[in-house]
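As structure tokens, the structure follows; a few thoughts come after it.
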Amino acid sequence: MNEIEIGRGKRGRRAYSFDDIAVLPSRRTRDPEEVSLDWQIDAYHFEMPVIAAPMDSVMSPTTAIAFGEAGGLPVLDLEGLWTRYSDPEPLLAEIASLDPALATARMQEIYAAPIQPELITERLRQLRAAGVAVAGALSPQNTQQHWKTVVDAGVDLFVIRGTTVSAEHVSSRSEPLNLKRFIYELDVPVIVGGAASYTAALHLMRTGAAGVLVGFGGGAAHTTRQALGIHAPMASAVADVAAARRDYLDESGGRYVHVIADGGLGTSGDIVKAIACGADAVMLGAALARATDAPGRGFHWGAEAHHPELPRGARVEVGSVAPLQEVLFGPSRVADGTTNLIGALRRAMATTGYTEVKELQRIEVVVAPHQPS
């Protein structure tokens, strides 16, 4: 298990981030035009294996529609500003202009406004009317309160997303969400996470989830490692959860659960390496927040940045590089992997000899920590 002695009384397993690994070419190459990036989860088919993260800096109803029309799966944060305010645009502009020293405190005030069920319905119906896949995300804490509103509004996929989501939350003060019963009784497929270990992911798969998000405080806007001391290097986490998917496939008699990397995916190369480690798809936050038409206006933040008691995230400046269409499909005007994400994935697969995303999961990977020149 590659354990290292930390001290006489403690050993630790060596784990790897995407920066620590690289993929190797095989004996053949392909034409990029022959590469298929299609991805299907449950009954829903997408032209690229990319999910837009449910974060206010990434997805508004407008950008969700644009992302869906581009062939991806957009997920709207149903606890964000768009379900707390009828017109959050002035507040998004204010957040982008805040002094860094004041940003967290002011965001806590802004996000203290209550979630309005009628706005959940309105936003989801706006996506439905545009003809794109409709997906919304709630945290485990708010799922029991708002799930019926979400389902009644007509979602195609339901996402339960938190810093970590467990199939076995124990509480002596309140009845926790019973994921297995909840998913069984729901009529729509559920994607749930994050999970960062083999055991945690296997338990989530046994709840009946259609997909498991892999990650724990690994995104650009998280400070979970500094605040809580918890971190899960993503290359190892994805590979561990992919092993759980393989074993659950045998255990369940053939039920396939999709593994979705969520965090640490800042560039197109990271997307390639996530799939190489076993991911079926990726969830992008900061990479899409860099679009000039993203709601964050060059800034990026998640729910952890405005937590009322213990913020463990920040509003970070990621900059603006190009419109969403160019971020996804190019042409690239920079050479740092922040634009033409889908074109880069297609070219990487062609260069290494693979024409299907599932095939790329079998590619040879080497441990080669990145050394910027």
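The values are calculated or read from the model by the stated rules, or taken from the named source; none is laboratory data. No experiment lies behind these values; they were computed from the predicted model shown. Note: ideal-geometry Cβ built from the backbone for every residue, glycine included; neighbour counts use all protein chains shown.
Within segment 122-163, restricting attention to residues that are of a type in the set (D, E, K, R) and in contact (Cβ under 8 Å) with a residue 12 or more places away in the chain, the residue that is surrounded by the fewest Cβ atoms within 10 Å (Cβ to Cβ) is Asp152. Exactly one residue among Ala66, Ala103 is part of a helix (DSSP H, G or I) and closer than 15 Å to His300 by Cβ, and that residue is Ala103. Checked against the criteria, Gly208 does not count as surrounded by fewer than 24 Cβ atoms within 10 Å (Cβ to Cβ) and without any contact (Cβ under 8 Å) to a residue 12 or more places away in the chain. If you go through segment 236-267 and keep only what is closer than 15 Å to Leu284 by Cα, modelled with pLDDT of 95 or more and touching an Asp or Glu at 6+ places or on another chain (Cβ under 8 Å), you end up with Val259, Ile260, Thr267. Output the qualifying pairs, or none if there are none: Cβ atoms under 7 angstrom, residues six or more apart or on different chains, first residue in segment 1-30 and assigned to a strand (DSSP E or B), second residue at pLDDT 95 or above and among the hydroxyl-bearing types (Ser, Thr, Tyr). Once the first residue is assigned to a strand (DSSP E or B) and sits in segment 1-30, its partners that are at pLDDT 95 or above and among the hydroxyl-bearing types (Ser, Thr, Tyr) give Val23/Thr352. For segment 312-319, the condition holds for no residue, the condition being that it is buried (at least 20 other Cβ atoms within 10 Å of the Cβ), farther than 25 Å from Met107 by Cα and either of a type outside the set (Lys, Arg) or over 19 Å from the mean Cα position of the chain (by Cα) (or both). Tallying residues that are polar (S, T, N, Q), assigned to a loop (DSSP other than H, G, I, E, B) and either at positive phi or at pLDDT below 85 (or both) within segment 181-232 yields 1. Among the residues of segment 90-112, those that are free of Cβ contacts under 8 Å to residues at least 60 places away in the same chain and closer than 26 Å to Ala66 by Cβ comprise Pro90, Leu91, Glu94, Ser97. Search segment 102-148 for residues being touching a Leu at 6+ places or on another chain (Cβ under 7 Å) and of a type outside the set (A, V, I, L, M, F, W, C), and hand back the single one that is farthest from Ile41 (Cα to Cα). Filtering first and then ranking leaves Arg106.
Of the listed requirements (1) of a type in the set (Val, Ile, Thr); (2) under 20 Å from Ile160 (Cβ atoms); (3) assigned to a loop (DSSP other than H, G, I, E, B), Ile51 misses just one: (3).
Of the residues making up segment 350-362, at least one is under 15 Å from Gly269 (Cβ atoms) and within 20 Å of the chain's Cα centre (by Cα).
Which of the residues that make up segment 106-127 are over 17 Å from Val150 (Cβ atoms) and assigned to a loop (DSSP other than H, G, I, E, B)? Walk me through how you get there before you give the answer.
As a first pass, look at segment 106-127 and keep what is over 17 Å from Val150 (Cβ atoms): 106-113.
Tyr111, Ala112, Ala113, listed by residue number.
Sort out which residues of segment 69-89 are in a helix (DSSP H, G or I) and either of a type in the set (S, T, N, Q) or in contact (Cβ under 8 Å) with a residue 40 or more places away in the chain (or both), and write them in order of number. Within segment 69-89, Glu69, Trp82, Thr83 meet the criteria.
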